[in-house]
Amino acid sequence: MAEFQEHGFELDVAFQPERISFDDALDKWIAFVESRGWAFGGGGDCTSARFSGFLCVFGRGTLTPEDRGAVENWLLSQDWVKDFTLGQLQDSWYGWPCAAQPEAAKGARIEILGE
């Protein structure tokens with residue numbers, strides 16, 4: 001079964017609102033994601049000057065450690081990025097805390113993003 005796993009990862013990006021608007025930051029991020037054939041599910045808000053979500057391949061496929069490195073390098077090259085956290089590669093389909101079991105979800109974000 002492992003050969004058919006599709007991996008992605010969570011990320012959280014804080015930006016400098018004095019350098020870029022929320023809309024422009026998200027537009028640049030989405031342009032990068034789409035240029036690689038990836039998909040991003042997430043969002044953010046202007047008041048916290050950040051966006052977060054899950055990155056995976058659009059359609060069939062899996063992200064690799066090299067893809068994760070490409071994201072890191074791209075974020076480091078953006079002068080408007082204040083800081084960011086990239087989660088570890090994880091199965092995009094299985095192993096997520098169930099919404100029907102809220103106790104299982106407590107601390108899950110910390111566990112996923114912790115390195």
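The values are calculated or read from the model by the stated rules, or taken from the named source; none is laboratory data. As the structure is a computational prediction, the values presented were derived from the model and not from experiment. Glycine gets a Cβ as well: all are built from the backbone with ideal geometry, and neighbour counts include every protein chain shown.
Tabulated data
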| quantity | calculated |
| --- | --- |
| Filter result for residue 70 (of a type in the set (A, V, I, L, M) and modelled with pLDDT under 95) | no |
| Residue tally, condition within 13 Å of residue 75 (Cβ to Cβ) and surrounded by fewer than 18 Cβ atoms within 10 Å (Cβ to Cβ), over region 22-32 | 2 |
| Lone unmet requirement of (1) at pLDDT below 95; (2) surrounded by 12 or more Cβ atoms within 10 Å (Cβ to Cβ) for residue 86 | (1) |
| Positions within region 45-60 being aliphatic (A, V, I, L, M) and closer than 18 Å to residue 32 by Cβ, in sequence order | 55, 57 |
| The lone exception for residue 18 - which of (1) part of a helix (DSSP H, G or I); (2) surrounded by fewer than 16 Cβ atoms within 10 Å (Cβ to Cβ) it fails | (1) |
